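See structure below.
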Amino acid sequence: MKVPSLKTHSTLAAPGTATPDGWTPKSWKSRPIVQAPAYADTAALEAAADKLGVLPPLVTSWEIERLRSELADASLGRRFVLQAGDCAETFNECTPGYVTNKLKILLQMSLLLTDGIKRPIVRVGRIAGQYAKPRSSPMETINGKTLLSYYGDLINGPHFNEAERAPDPQRLLLSYYHSAMTLNFVRSLIDGGFADLHHPEYWDLNFLDKAGLTPDLRAAYLQRVNSIGNAIEVMEIIAGQPIDKVSSVDFYTSHEGLSLPYESALTRKVPRRAGYYNLGCHLPWIGERTRQLDGAHIEFFRGIRNPVGVKIGPKTTPEELLATANAIDPEREPGRLVLICRFGQGKPKTVLPPLVDAMRKANRQPVWICDPMHGNTVSTSTGKKTRHVDAIQSELIDTIEIHESLQSILGGIHLELTAENVTECLGGASGLKETDLDIAYQSLCDPRLNYEQAMETAFLVARKMEA
Ligand code: PEP
Ligand code: CO
């Protein structure tokens, strides 16, 4: 959504030529589907999808193509992707405060990463559409009563009663409206200069105090901000004019494309371009639980022109990965395939090398992204879902080292975080303990890094990858 900062030469993604054989936006309907709770009123579901199908798109094909070319750069080590945000967005949190804070933390983290890694950062929020969640258990039982689990605001409601837990087709439209409102606000903030690198003070440095950032982290952050400010000034002196092209930032949206009625309704042909684009977000991804090779999700994703994220877990074999790559990206298009690895602490050492090797031998250059969150979820003795910052950071460090040793390229990181001062993940500089989790545990799904833990993690990656 605007000229990317610190733009380097981009490799242009190959233009879409054709829609794959046998594919239509609805061809997924003939395939087996998982993680798709049944709607009681299928006519109402059709009606909601039809309505969604005529509403304006949320993003444009130009933005999607630009992201494709930036991802192609990331796969070659010329850019670095920061993909981050909530595990699950909720309609209630579609407020100016929450949205502004999410944008701020992504900007602040990207500033730290740019300074350390010395590559332009591609900022991709889990935002403006991250409303559908796969669940490990389809049903939830409380006090002897069993109801459908909460599948995210796009599908049903979080409260434990029959009415809320029933899948409601109107939620497809509500998700679209909340995504549109969120995106509208993000675009206005960015276009209005909020993200101007000349004015990092707009990103509200008081916020650092409010969020309780340790003095060390605060000082380090301010030092980075100043050094970037000075660098911009020097470049402007050399150029003899303000450098607008380096002063504004790009920002893209992403979410798990779980609800295929929703995703396919937003998938359209656009004038003067070949193929179909999913215009509900820039970078949709397929979750670890829905990437069956013969399943509905792979069928849907293979036909869209967007870059496609695929989450891969520790059990992924090279054969399976190659088959997935062939299904999604048969033409080996630059910037098309984003592999989001979520293996768990200690696992990258054994799991990653054979996968990198297989892709290399197949002459493929995916964007390798490390998601150190989803392989590291544990339960406390009282049944609370949490993650240890140490485990998250250790998976990141291992992944950085392994890519280096293989002379492969880590193209980005994927984090679940919030800018709020929550207590959902353990550890970090302030040493959050199990007994602290109840203080501010707000996530309806997975535990997120809080503000300080997220900044700390960005520092760690920036230092580890310091160029
Ligand atoms: C997620 O990203 O929130 C998620 C459910 O991830 P995964 O598919 O990797 O489990
Ligand atoms: Co999650």
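The values are calculated or read from the model by the stated rules, or taken from the named source; none is laboratory data. Not measured: the values here are computed from a predicted model. No Cβ is skipped: glycine too gets one built from the backbone with ideal geometry, and neighbour counts run over all protein chains shown. Accessible surface areas use protein heavy atoms only, side chains included; no ligands, DNA or RNA. Shrake-Rupley method; radii C 1.70, N 1.55, O 1.52, S 1.80 Å.
Need one number: nm distance between label points at ARG289 and SER136, each 7 Å from Cα along Cα→Cβ, rounded to one decimal. A separation of 1.0 nm, rounded to one decimal place.
Charge tally for LEU352 (other residues, Cβ to Cβ under 11 Å; Lys, Arg +1; Asp, Glu -1): -2. When only Cα pairs below 8 angstrom with a gap of at least 6 residues are kept, the chain shows a relative contact order of 23 percent.
Each Lys or Arg adds one and each Asp or Glu takes one away; over the other residues whose Cβ falls under 14 Å from the Cβ of ALA38, this sums to -1. The candidates LYS51, LYS384, LYS315, LYS349, arranged from most to least accessible area with a 1.4 Å probe in the full protein assembly, appear as LYS315, LYS349, LYS51, LYS384. Measuring r between the beta carbons of LEU55 and SER188 and using R0 = 22 Å, the FRET efficiency lands at 0.65. Taking the chain, the Cys residues with no second Cys beta-carbon under 4.7 angstrom are CYS94, CYS281, CYS341, CYS370, CYS425.
Note on GLU164: accessible area is roughly 50 Å² with a 1.4 Å probe, heavy atoms of protein only. Taking every DSSP helix (H) stretch of at least 4 residues in the chain, weighting each as -39,500 (n - 2.57) and dividing the sum by the residue count yields a mean residue ellipticity at 222 nm of -12000 deg cm²/dmol. With a 1.4 Å probe rolled over the protein heavy atoms of all chains, the accessible area of VAL270, VAL389 falls in the order VAL270, VAL389, largest first.
For the set LYS29/LYS361; LYS29/LYS269; LYS118/LYS269; LYS384/LYS464; LYS118/LYS311, the pairs lying more than 29 angstrom apart at their alpha carbons are LYS29/LYS361; LYS118/LYS269; LYS384/LYS464.
All Cα-Cα distances of the stretch 72-120, cut into 10 Å bins from zero to the largest, leave 22, 42, 26, 11 percent in each bin in turn. Once neighbouring chains are kept in place and the probe is 1.4 Å, which whole percent of the accessible area of the chain is contributed by carbon and sulfur? Roughly 55 percent of what the probe reaches on the chain is carbon or sulfur.
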